[in-house]
1. Using amide H atoms built in the peptide plane, which far-off residues or other-chain residues are under 5 Å from residue 217 H to H?
2. Which residues make up the longest stretch of the chain clear of trypsin sites (Lys or Arg not before Pro) that lie in a DSSP loop with no more than 14 other Cβ atoms within 10 Å, not counting the sites?
3. From the phi angles alone, apply the Karplus equation (6.51, -1.76, 1.60; θ = phi - 60°) to the range 26-43 and give each ³J(HN,Hα) in whole Hz, x where the residue is Gly or Pro.
4. Give a residue-ordered list of calculated ³J(HN,Hα) values for the range 63-77 (Karplus: 6.51 cos²θ - 1.76 cosθ + 1.60, θ = phi - 60°; whole Hz; x for Gly, Pro).
5. Tell me the per residue accessible area of the chain using a 1.4 Å probe; a whole number in Å² is fine.
6. Check cross-link reach from residue 267 to the lysines: straight Cα distance under 28 Å, and skip same-chain residues fewer than eight apart.
7. Under a plain spin-label model, where a point goes 7 Å from the Cα along Cα-to-Cβ, how far apart in nm are residue 187 and residue 205?
8. Note down the nm distance, to one decimal, between modelled labels 7 Å out along Cα→Cβ at residue 153 and at residue 67.
Amino acid sequence: MGRVGPVPAGESSGSVVRRILLGSQLRRLRESRGITREAAGYSIRASESKISRMELGRVSFKARDVEDLLTLYGVMDEAERESLLGLAREANVAGWWHSYGDVLPGWFQTYIGLEGAASLIRIYEVQFVHGLLQTEAYAHAVVERGMRGAPAAEVDRRVALRLERQKALVSERAPRFHAVLDEAALRRPYGERSVMRAQLRHLIDMSEHPNITLQVMPFSFGGHAGESGAFTMLRFPESDLSDIVYLEQLTSALYLDKPEEVAQYEKAMTRLHDDSPGPEESRDLLRGLLQLI
């Protein structure tokens, strides 16, 4: 599949995954018939690049286009056709974050969909506490610092979006969440003293949830496997969808799923897990930092 690109606004958490799955299946069907992307594009009155974007899950699917492609690829079984057309319909369902489109960068929309559909989320963070673990006051301080001069209403909207994402961690179908926070993220102050104290207490409380594992990489360890910076790894219940590595940049993001690339991040994440103190010792580190503030 290569690198997953941005997809349009307004999708359910599962729709992003379904779009990628449908695109992957259409690619396999096309290749099994020896049909070029150019020929496939011609059959639906579109370009070769449109077929490429469809197969990568970067665009929405029109039922007519999917029907025509299935006919071109020789898929005549009604049950198989309906299964794929149903997948196309589900891939276009609007999501809860549609109303946040005014403050949501296009490149981040893909991530929210994937995050919401993941069964396992693993992160390493060094700059600040990860968004899924931030208190409202801490999140407000982080957003204000990153968007100096932004209208208060926009800051509030961005914080509200972050808090909405957090609901997944305590939902009935909550994913497993394994976080490694560098000590630097915990010592760097955002907001007043009371904000930092409340944030550390929140981390201690959240680390007690059965689906959440929280580890702290202490300064005392020295150099470690997270030298390249923060990253996120997502795993999904769908067996057809590979793990995805998410790398956020200042104005865009990368979504990596090539096996050789994912394997390198898997090794780094495993080393971070192994080298960091365990959950209970990490809670003790958090309690120690709390006493220093």
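1. 181, 182, 183
2. Numbers: sites that count: 33, 45, 62, 148, 173.
Maximal segment without exposed cleavage sites: 174-293.
3. Along the range 26-43, the couplings run 5, 5, 5, 5, 4, 5, 5, 9, x, 9, 6, 4, 4, 5, 5, x, 4, 5 Hz.
4. 4, 4, 4, 5, 4, 5, 5, 4, 5, 4, 7, x, 8, 10, 5
5. So the chain comes to 48 Å² accessible per residue, rounded to a whole number.
6. Cα-Cα hits under 28 Å: 258.
7. Using points 7 Å along Cα→Cβ, the separation is 2.7 nm.
8. Between residue 153 and residue 67, the label points sit 4.4 nm apart.
The values are calculated or read from the model by the stated rules, or taken from the named source; none is laboratory data. All values reported here derive from a predicted model rather than from experimental measurement. Glycine also receives a Cβ, built like all others from the backbone with ideal geometry; neighbour counts cover every protein chain displayed. What goes into the accessible areas is simple: the full protein's heavy atoms, side chains included, and nothing from ligands, DNA or RNA. Shrake-Rupley method; radii C 1.70, N 1.55, O 1.52, S 1.80 Å.
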